[in-house]
Amino acid sequence: MKVLLLITLVSLLLGIGALAGQFDIAEDEVRIVGGNATTIEQFPYIAQLRIDNQFECGACIISPKWVLTAGHCTNGYTELIENITLRVGATEFDQTANEAITLANLYIHPLYNETTQDYDISILLLNNNLVFGNKINSIALPPPNLVLPAGTLATVAGWGTLTYLGALPTQLQEVTVPIITNEECALRYNDTNTYISDRNLCAGYDQGGRDTCSGDSGGPLTANGVLYGVVSGGIGCADAKYPGTYTNVSSVRSFITSVTGL
Ligand code: ARG
């Protein structure tokens, strides 16, 4: 009887060990996907884009009155800008204390393509200038035609889901991912209808596990304090085969200058 009990106990312990091993991987995927909780002081240039009073996307503050987001986040709203608001300066997903920022104008890239998601960028002009401080600030823009070398580590932040089709976080999340070449990225996506163009950047680990996800769109991808990417797309989230795709800010730099003068 005692021996049997011992055997049961040992196998139970072994079983638990094996289970815990499995959960190591799952536990890694508890944020953005595979990232960490962070605060707005670390990302004072990130904003929440809300449409019809619901969280829709991330956005990037580039000056007191200009904000960037993904084209697909505002698609169809050119004549409905009163439906769009921004929330700035708060870490929490549900930041009801902060007053809604309203828009004076919306400029979706004229070449934005709904089908291919090429030129996935739009520019928002605010009604009132933001007051900068430790929770609200701008991020620097890159020069035009800059190619980020593969392997460059870039950081993304957002309030998107913590797993593919999973729950939203209560707090801002961040994750760091390496840039991969557009050539490699196009190869990874060649069995899908996702189109990788010169207006894209791609980032992700070969083994997956860390990525942006739904709701992170429009948010910032930065390296060394410069905004190189805006979260655009991807298949699934943190999938080993499919890296996250971003709008290459450098490649649409002349559009940004023509609209904002920046
Ligand atoms: N299009 C998505 C959004 O609306 C972003 C998806 C990012 N996906 C990914 N696998 N990196 O938020």
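Brief remarks on what is shown
- Grouping the Cα pair distances of the range 195-241 into 5 Å bins from zero gives a pair-distance distribution of 5, 20, 27, 28, 17, 2 percent in increasing distance order.
- Rounded to the nearest 0.05, the FRET efficiency derived from the C-beta distance between THR257 and SER214 at R0 = 25 Å is 0.20.
- Pairwise Cα inverse-distance average, inverted: Kirkwood Rh of the range 57-147 (Å): 14.2 Å
- Over all pairs of different C-alpha atoms, the range 35-191 has a mean inverse distance whose reciprocal, the Kirkwood radius, equals 16.8 Å.
- Inter-label distance for TYR195 and LEU80, nm, one decimal - labels placed 7 Å from Cα along Cα-to-Cβ: 2.5 nm
- Inter-centroid distance (Cα atoms) of the range 147-200 relative to the range 202-262, Å: 6 Å
- For the chain, modelled as a GNM whose springs connect Cα atoms under 10 angstrom apart, the maximal fluctuation among LEU187, LEU141, LEU106 occurs at LEU187.
- Helix-derived mean residue ellipticity, 222 nm - over the chain, DSSP H n ≥ 4, -39500 (n - 2.57), to 500: -5500 deg cm²/dmol
- Taking only Cα atoms of the chain, radius of gyration then Dmax in Å: 20.4, 83
- Taking the three principal axes of the alpha carbon atoms in the range 31-79, the coordinate ranges are 37, 26, 18 Å, sorted in descending order.
- Annotation: extensible slack from ASN129 through GLU183 equals 15.4 nm (criterion: 0.36 nm per residue apart, minus Cα-Cα distance).
- Sites matching GluC sites (Glu not before Pro) across the range 33-86 that sit in DSSP coil, with at most 11 neighbouring C-beta atoms within 10 Å: GLU79
- Degrees, to the nearest 10: 2-28 long Cα axis against longest axis of the chain: 10 degrees
- With the simple spin-label model, which puts each label point 7 Å out from Cα in the Cβ direction, the THR39 to ASP94 separation comes to 2.1 nm.
- Cα→Cβ-extended label distance, 7 Å offset, between SER63 and ALA167, nm: 4.2 nm
- Net charge contributed by nearby residues that have their C-beta within less than 14 Å of ILE84 (K/R +1, D/E -1): -2
- Where no second cysteine Cβ lies under 4.7 Å, the cysteines concerned in the chain: CYS60
- Taking the Cα centre of the chain as reference, the dipole from Cβ charges on Lys and Arg (+1) and Asp and Glu (-1) amounts to some 380 debye.
- Per the Kirkwood formula applied to alpha carbons, the range 140-183 shows a radius of gyration over Rh ratio, Rg over Rh, of 1.09.
No value in this document is a laboratory result; all are computed from the given coordinates. Fair warning: this is a prediction, and the values are worked out from it, not measured in the lab. Quick reminder, even Gly has a Cβ in these numbers, built from the backbone with ideal geometry, and neighbours come from all protein chains shown.
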